[in-house]
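Notes follow once the structure below has been shown.
The values are calculated or read from the model by the stated rules, or taken from the named source; none is laboratory data. Worth saying up front: this structure is predicted, and the values here are computed from it rather than measured. Here the Cβ positions follow ideal geometry from the backbone for every residue, glycine too, while neighbour counts run over all protein chains shown. Accessible surface areas use protein heavy atoms only, side chains included; no ligands, DNA or RNA. Shrake-Rupley method; radii C 1.70, N 1.55, O 1.52, S 1.80 Å.
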Amino acid sequence: MITTRRRRRLRVLTVPLLGLVLVTGCQSSDAADTKNREPDAAVTDTARARITISPAGTGTGPVDPGHTVKVVTDRGTLTSVEVKPAGDEGVQVTGTWKNARRTWQSDRTMTPDTAYVVEATATNAAGGTTRTRSTFRTRAPKQVNGVTVTPSNGAVVGVGQPVSIAFDAPVRDRAAVERRLSVTTTPKTEGSWGWTRDPLTGTERVDWRPRHYWAKGTKVTMRAELSGVDTGGRHLRRDVSTTFTTGTARISEVDLLKHTMTVFEDGKKAKVIPISGGEPRYPTWNGTMVVLGKQRLVRMTSESVNIDDPYDKNVPWAVHLTTSGTYVHAAPWNEGKGYFGRVNKSHGCVGMSGANGKWFYKRSVPGDIVEVTGSRSATVATGNGYGDWNLSFKQWRRLSSLR
């Protein structure tokens, strides 16, 4: 006869082993926490969550930087997913939860030629935890593209300065690039991306400009998740960003019929300067230009701008407006000739006395506006410097690849 005490021992010995851990692909899982090892009546509650990762692992070979990383569990829910470079180089990959957190899917591209680590955790209904780790490598690009961002981080600029990304090589897939760009402003400001190309250098850019000139004191942040984006046969290798602030609203109105430049600062007239613009053979561009930069002294030659009237001068107090060579500068060699305020006798630049040139130079910053009227010349092209403002906002928005 079997005693009651012995029956209890047999029941203990016949309890089934629970908590089997299942993994897939090139992955490994840690053992469950001790507190989660207690048996439960329902098999569906105690079966360990399986985690599947795509790409599966290093054994599959390098993957395209645009490949979607996907993590799925067949039981329970995913509690954490992290996709990060194995070393110091490369961008961390963001993603979104789907299917009640049973699926995680990446939402951006990865840095080319980079080893990545995927770490994921899932929890079943009973609270049991499965941890999985997998690695893969992205494919090295056959060709790369590079970018230059303007303005630089921390800059204080004029109210006409667009956010600008210039590319080392032409971009065939503009939409792929533009989808990865974002601009945030304080206060909120309406604006749009637009694509343009410098007619002289061929440099391709995508600029973001507001509907109207920036309000003074606006804080602007641009983020571009470009690492791994294929621009059309050439991959970009890095993310870029910049944060800048707009300063004084300095707008200079050049009237080539009156031969004056009136400088306004924050809506108030600061100075009226007698000037001399481009003569009829070499007229100054009409339209709105943006200060690109300035130099204390610039050597200007007729050969550099394809002018048949020979000259070679060291020009002081030079404020740069276009890539085609338009400057506002001092022209001390013309002082005493009666040109300033009376007649246009330059080779296309806006000239003035040494004292006035120095005054304007010291105040000017990149992003300041110079509006020229009264010239026989055409309106400056959008890509010739920052000629973005010569289009209406409606016209500018049409230059977006996502319109």
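Overview of values
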item: So residue 315, is it buried (at least 16 other Cβ atoms within 10 Å of the Cβ), of a type in the set (A, V, I, L, M) and closer than 21 Å to residue 374 by Cα; result: no
item: Any hit, region 328-340, residues being open to solvent by less than 30 Å² (accessible area, probe 1.4 Å), within 21 Å of residue 381 (Cα to Cα) and at pLDDT below 95; result: no
item: Flag if residue 221 is within 11 Å of the chain's Cα centre (by Cα) and closer than 14 Å to residue 187 by Cα; result: yes
item: Elements of type strands (runs of 3 or more DSSP E) contained in region 150-230, each with 3 or more residues being open to solvent by 10 Å² or more (accessible area, probe 1.4 Å) and of a type outside the set (D, E, K, R); result: 181-186, 191-197
item: Residue match in region 328-344 (condition: touching a strand residue (DSSP E or B) at 6+ places or on another chain (Cβ under 6 Å), of a type in the set (Ser, Thr, Tyr) and not in a loop (DSSP other than H, G, I, E, B)); result: no
item: Filter pass, residue 382 being polar (S, T, N, Q), over 21 Å from residue 298 (Cβ atoms), at pLDDT 95 or above and open to solvent by 50 Å² or more (accessible area, probe 1.4 Å); result: no
item: Selection count where residues are surrounded by fewer than 18 Cβ atoms within 10 Å (Cβ to Cβ) and over 37 Å from the mean Cα position of the chain (by Cα), scope region 352-366; result: 2
item: Failed condition for residue 84, given (1) open to solvent by 50 Å² or more (accessible area, probe 1.4 Å); (2) at pLDDT below 95; result: (2)
item: Candidates 236, 256, 297, filtered to the one that is in contact with a Ser or Thr (Cβ under 7 Å, 6 or more places away or on another chain) and more than 20 Å from residue 369 (Cβ to Cβ); result: 236
item: Qualifying residue in region 87-107 (condition: open to solvent by less than 50 Å² (accessible area, probe 1.4 Å), under 21 Å from the mean Cα position of the chain (by Cα) and not small (Gly, Ala, Ser)); result: yes
item: Output for region 87-96, where each listed residue is at pLDDT below 95 and under 19 Å from residue 225 (Cβ atoms); result: 88, 89
item: Odd one out for residue 233, checked against (1) surrounded by fewer than 23 Cβ atoms within 10 Å (Cβ to Cβ); (2) in a strand (DSSP E or B); result: (2)
item: Of all residues making up region 243-277, the number that are surrounded by fewer than 20 Cβ atoms within 10 Å (Cβ to Cβ), polar (S, T, N, Q) and part of a strand (DSSP E or B); result: 4
item: Single match in 25, 19 (criterion: open to solvent by less than 40 Å² (accessible area, probe 1.4 Å), modelled with pLDDT under 50 and of a type outside the set (Val, Ile, Thr)); result: 19
